[in-house]
Each structure stands twice: as structure tokens, then as C-alpha cells.
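Following: one structure in C-alpha cells, then a few remarks.
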Amino acid sequence: MNTKIIVAMIFLLLVLSSGCIGSSSKPAKKLYATAMHYYNDGEYELSLAACDRVLDSDPEYADAWYLKSMCYYYIGDYDEGIDSVDKALEIDSQHTNAWVMKGTYCAAYEDYDVTLEAVDKALEFDPDNANAWLLKGMCYYYFDDYNESLNSINNALESNPEKVTAWIWKGKLHESLGWYEKALNAYDKALELNPNDIEAWMLKGITYDSLEQYDNALNAYDRILEINPDSSETWQLKGNLLHKLGRTEEADVCYAKVNELLDWDES
């Protein structure tokens, strides 16, 4: 399974489409509100249990099936998640976010052709859905079609200019196309929106390293370590750069930190 895309996919928030098929039952609606509360608190198992109670009351509650699929995604049970999102779509074939969620699952399994089919269905019902455009751009990126990917990411940003993940992906695409200054500008835009976004800082550091702007790269890595001192990947990147610069003693300190963190993870 492609871990790069799975990490990048954690951009989805539970946003329910207007016009989705809900429930006319007050008890079901009340239980659903409880399930939502648990979901928003990251209590996915409790949310699933509440969803099951909703569906016992009203098996045709599409949003409850969709919420189940979201919970399964975050606990890593993709098979159950796909079954749940398919059930939501059987009930409401125009549930835009369910189509995006189905595409997300397919992307996690690296089935990008089916992912594109799902996001195209989402865009058929909601042409301005930023998540659908973003997911479409990611798929084209993994097809190495950077121009088509960039078009999709730009559409995502046109729909939602404050979508941090889209700015990060725009930077990645610019870097893939050799447009390093544009890549840095995109990462800066992401960091304007979220100054503590670790992925944006990391990619910015890597870009500076490619441009041989080593002080700027080290500053970016140090910024990450201020936010998360336990980022072994950042300690590794910093160590590699220091080693390249001949600062071997400082590099060894970084490598020792990497080993310490990895040993701690295995314990």
C-alpha cells in the first residue's frame, strides 16, 4: 500500500452534503448527533457503536453509513469502510462526499483508475468540491501526469483558496516540474495558512537543499524540530545535510537521535 498517498489523504473532514438523504426519525437524528460528537472527538469506536444504533432505528440513513465509512478509514479497517460507503451510495447515489470517500479508499489500495471514476461522479454532482479536485490531482500525480495534476489542484484552490493540503500539493508539483521558486511560494502560502504544518516545512527544506540554499534548509528542519522534536525523519534529513556539509560531529548527533527515536518506537 502506498503510504505517501495515505498520509496525504488525511485531509478529509466530515462535511455533510446539503440534500443528502437523512432521517425523518427524531430518535435516529438524536443518535446521529451523538455519533457525530464522538467522531469529532476522535472516538471512532464509540462513533461506530452510535452509528449502529442509528441504523438499527433507520437502516436507510445514508449519512450514518457515510459516517461509519469515515470512522473505519481512521481506524484502518478499509474493507468495512468500503462496504459502508457503498451502502451510503446505494441509498443516495448523489452523496458527493461518499463518492470522494470511496475514491479515497480506492486510492489507498492504489486503484487510481477507479478513484478517478469516483471523483468524477462527485464532481458531476458538485463541480466545486475541493476535496474531489484535490484527490483527482493526487491520482494524476501518481500517473506522472503533472500538468493534468496541476490543473486539478488549481481547481481545488479555486474552490477553496485556504486549503492547506492543496497548496502543499501545488508545491510538490512545481518541484516535480523543476519550478523550484514557485514550489517555495506554494509552501509559503501553506505556511501562511498553517505556520505549524510539518509537511510544508519539510518539503520546503528539501527544496532549499536541492537549490543548495543549505542555511535555509537547516532553518526549515529546525523549525520542524521546534514543533515536533520526535520527528525521526527530520533528524535524518538534518543529519544528511550536515554530513554533506562536512559537519560530521553535528551530523552524528542527529543520527544518534534518529536511532534513539527508532529504538523507542520499537520498545
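Worth pointing out:
- E90/E148 FRET efficiency (R0 30 Å; Cβ-Cβ; nearest 0.05): 0.45
- Ligands, DNA and RNA excluded, the heavy atoms of C139 present near 0 Å² of accessible surface to a 1.4 Å solvent probe.
- Sequence-distant lysines (8 or more away, or on other chains) whose Cα lies within less than 26 Å of K26: K68, K87
- In the frame of its principal axes, the stretch 53-207 has Cα extents of 55, 29, 26 Å, reported largest first.
- D (Stokes-Einstein, µm²/s), Kirkwood Cα radius, the stretch 82-138, 0.692 mPa s at 37 °C: 305
- Modelled spin-label separation between A33 and D111, with each label point placed 7 Å from Cα along the Cα-to-Cβ direction: 3.8 nm.
- The simple Förster model, with R0 at 35 Å and r as the Cβ-Cβ distance, assigns I198 and K26 a FRET efficiency of 0.20.
- The chain - Rg (one decimal) and Dmax (whole number), Cα, Å: 21.0, 69
- Note on K257: aspartates and glutamates with a C-alpha under 17 Å away, same-chain residues under 8 apart excluded, are D222, E226, D230, E233, E249, D265, E266.
- Normalised Debye scattering of the stretch 181-239 at q = 0.29 Å⁻¹ gives log10 I(q)/I(0) of -1.25, counting only Cα atoms as equal scatterers and leaving out solvent.
- Here the chain has 46 percent of its accessible surface on carbon and sulfur atoms, given a 1.4 Å probe and all protein chains in place.
- In straight-distance terms, cross-link reach from K204 covers every one of the lysines whose alpha-carbon lies under 21 Å from its own, apart from those fewer than eight places away in the same chain; here that gives K4, K163, K170, K172, K182, K189, K238, K244.
- Rounded to the nearest 10 Å², the accessible area of I227 at probe 1.4 Å: 50
- Computed FRET value (nearest 0.05) for N259 with E80, which takes r as the C-beta separation and R₀ as 35 Å: 0.40
- Solvent-accessible ranking of K26, K102, largest area first, probe 1.4 Å: K26, K102
The values are calculated or read from the model by the stated rules, or taken from the named source; none is laboratory data. Fair warning: this is a prediction, and the values are worked out from it, not measured in the lab. Cβ sites come from the backbone with ideal geometry, for glycine too, and all protein chains shown count toward neighbours. Ligands, DNA and RNA are excluded from the accessible area calculation, which covers all protein heavy atoms including side chains. Shrake-Rupley method; radii C 1.70, N 1.55, O 1.52, S 1.80 Å.
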